[in-house]
Amino acid sequence: MKKDNKNVIYWLLTGCVLIFIMVVLGGITRLTHSGLSISNYKLISGTIPPMNNIEWEAAFDLYKQYPEYQKLNNRFTLQDFKDIYFWEWLHRVIGRFIGMVFLLPFLYFLIKKQLSKSTIKKSTILLCLGAFQGFLGWYMVKSGLVDNPDVSHYRLAAHLTTAFITFAYTFWVALDLMFPNKKEIIKPIRNLIRFALVVLILQIIYGAFVAGLDAGFIHNHWPLMSDGKFMHHTVYIEQNPLYKNFIEGKSGVQFVHRMLAFVVVGFILAIYLKSKSLKLTPLQSKGIKYLVALLGLQFLLGVFTILLQVPVWLGVAHQIGAFFLLSAMTFTLHRFTK
């Protein structure tokens, strides 16, 4: 039987689509402040939401025991609770479904001997990434159930970044099977794309910091931060010691996120300009064109997200833009890599 057939590719691409949906739901959950509505973790029974008023009241009573209700939402009605419960429940259910979609077909292909040794190793890494992602989700939620009614922005960043990396790796494995032949390697531009990918991932991490600290709701001006200043004074006086401004201070984190956006722009423009003097394959050329187009869209989404003080739809659109930009970066790098 042919190994690594089309069904394996469809399986991996289906996983990519589901991870994308998961990331979108995660963004909605964060922006609607729904992430702490379910304060326990039940792997099997947790897939079924409350089915009657008694069960809803019990779930609401459990929510009342934790800081988010006590310090922020003590005026919530049962209907208010149901609204935020829905997004967190859906996010968790999709996460469980993704686990099944990765695990069950993998076992089937393994039993049917439809996977090469290389794909088995790569798929095992994917399964480990997925399990780690699930752990990070609950580890993140736990941080908001103690004293501070909000999750740790470090844990949020770890959870989100792992989701992006899991997607990128899944997409890479699928591309390996879709394009098994060797590519024409152009080292200078390949290295540029590698550096750009590293900076993009760092930018995604800082995007998560901004979301976790609600740092998008301040300094809602562009291109200057506010009051005609390139750097607001709170960037460097908010925290002590100074370095904490740039990993824990709202102003500092937003400033770094702004600056990294220009670094990403610089790298992708450098890739584009370098490619103009090279003879590329059609897919290499398309990859770079997608990069430039998605870069422009993502930059505009980021600017308007700041100017309009992060409306939910625009915050989610900005996160989707990052997802597609990472997809284009992954595809383009793959076209320049053995």
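Considering only Ile125, Ile94, Ile54, give the residue with the highest GNM mean-square fluctuation for the chain, with springs between Cα atoms whenever their separation is below 10 Å.
Ile54
How far apart, in nm, are two points set 7 Å out from the Cα along the Cα-to-Cβ line at Gln309 and at Cys128?
4.6 nm
Just need the relative contact order of the chain here, percent rounded to a whole number, with Cα pairs under 8 Å and 6+ apart.
21 percent
Once fully extended, how much extra length lies between Ile44 and Phe324, figured as 0.36 nm per residue of separation less the alpha-carbon to alpha-carbon distance? Write out the running numbers ahead of the final one.
Values: separation 280, 0.36 × 280 = 100.80 nm, distance 3.23 nm.
That pair, Ile44 and Phe324, stretches by 97.6 nm at full extension.
Cα centroids of the stretch 1-58 and the stretch 231-254: how far apart, whole angstrom?
Spelled out, the Cα-based centre of one part sits 35 Å from the other.
Of the labelled options [x] 19.5; [y] 16.4; [z] 22.7, which one gives mean projected area of the Cα convex hull in nm² as computed for this structure?
The listed entry that was calculated here is [x].
Using the Karplus equation 6.51 cos²θ - 1.76 cosθ + 1.60 (θ = phi - 60°), what ³J(HN,Hα) coupling, rounded to whole Hz, does each residue of the stretch 146-162 give in order, writing x for Gly and Pro?
9, 10, 8, x, 7, 6, 4, 5, 5, 5, 4, 5, 5, 5, 5, 5, 5
Pick from Gly228, Gly46, Gly95 the residue whose mean-square fluctuation is largest in a GNM of the chain, springs joining Cα atoms under 10 Å.
Looking only at Gly228, Gly46, Gly95, the biggest GNM fluctuation is shown by Gly228.
Using the crude model of +1 on Lys and Arg Cβ and -1 on Asp and Glu Cβ, and no other charge, please compute the dipole size for the stretch 1-180 relative to its Cα centre, in debye to 20. Could the numbers behind the result be given before it?
Working: 18 positive and 11 negative charges, 198 e Å.
My answer is approximately 960 debye.
Please work out how much length the chain gains when fully extended from Ile237 to Val198, using 0.36 nm per residue of separation minus the C-alpha to C-alpha distance, in nm with one decimal.
Details: separation 39, 0.36 × 39 = 14.04 nm, distance 2.89 nm.
11.2 nm is the gain from fully extending Ile237 to Val198.
Based on the Cβ-Cβ distance of Trp172 and Phe262, what FRET efficiency does E = 1/(1 + (r/R0)^6) give at R0 = 25 Å, to the nearest 0.05?
Working: r = 27 Å, r/R0 = 1.09.
That gives a FRET efficiency of 0.40.
Quick one: putting +1 on the C-beta of Lys and Arg, -1 on the C-beta of Asp and Glu, what dipole do you get for the stretch 92-165 around its Cα centre, in Debye to the nearest 20? Could the numbers behind the result be given before it?
Working: 9 positive and 2 negative charges, 111 e Å.
Its charge dipole is roughly 540 debye.
How big is the dipole moment of the chain about its Cα centre under a simple scheme where the beta carbon of each Lys and Arg is +1, that of each Asp and Glu is -1, and everything else is neutral? Debye, nearest 20, please.
Numbers: 34 positive and 16 negative charges, 442 e Å.
Using Cβ point charges on Lys, Arg, Asp and Glu, the chain gives about 2120 debye.
Please check: in the Gaussian network model of the chain (C-alpha springs, under 10 Å), which one of Gln133, Gln65, Gln284 has the largest mean-square fluctuation.
Maximum among the listed residues: Gln65.
Per residue of the stretch 198-212, what does 6.51 cos²θ - 1.76 cosθ + 1.60 with θ = phi - 60° give for ³J(HN,Hα)? Whole Hz please, x for Gly and Pro, Karplus curve as stated.
Using θ = phi - 60°, the values come out as 4, 5, 5, 5, 4, 5, 5, 4, 5, x, 5, 4, 4, 5, x Hz.
Residue by residue through the stretch 327-335, what is 3J(HN,Hα) from phi via Karplus (6.51 cos²θ - 1.76 cosθ + 1.60, θ = phi - 60°)? Round to whole Hz and write x for glycine and proline.
3J(HN,Hα) across the stretch 327-335, in whole Hz: 4, 5, 5, 5, 4, 5, 4, 4, 5.
Could I have the simple spin-label model distance between Ser226 and Tyr154, label points 7 Å from Cα toward Cβ, reported in nm to one decimal?
Output for this residue pair reads 2.7 nm.
Give me Lys122, Lys117 sorted ascending by neighbouring Cβ count inside 10 Å, so fewest comes first. Mind showing how you got there, number by number?
Numbers: Lys122 19, Lys117 8.
Arranged by neighbour count, lowest to highest, Lys122, Lys117 become Lys117, Lys122.
Would you order Asp176, Asp80, Asp227 from fewest to most other beta-carbon atoms within 10 Å of each residue's own beta-carbon? Write out the running numbers ahead of the final one.
Values: Asp176 17, Asp80 13, Asp227 9.
In increasing order of surrounding Cβ atoms, one gets Asp227, Asp80, Asp176.
Listing Ser226, Ser143 from the residue with the fewest other Cβ atoms within 10 Å to the one with the most, what is the order? Let's see the in-between values first.
Details: Ser226 14, Ser143 18.
With the sparsest Cβ surroundings first, the list reads Ser226, Ser143.
So how far, in whole Å, is the C-alpha centre of the stretch 258-296 from the one of the stretch 69-105?
Centre-to-centre (Cα) distance: 38 Å.
For the pair Phe135/Lys187, report the inter-label distance in nm, with labels modelled 7 Å from Cα in the Cβ direction.
Rounded to a tenth, the inter-label distance reads 3.8 nm.
Rule-based calculations on the coordinates, nothing more; no lab input. Everything numeric in this text was worked out from a predicted model, so none of it was measured. Glycine also receives a Cβ, built like all others from the backbone with ideal geometry; neighbour counts cover every protein chain displayed.
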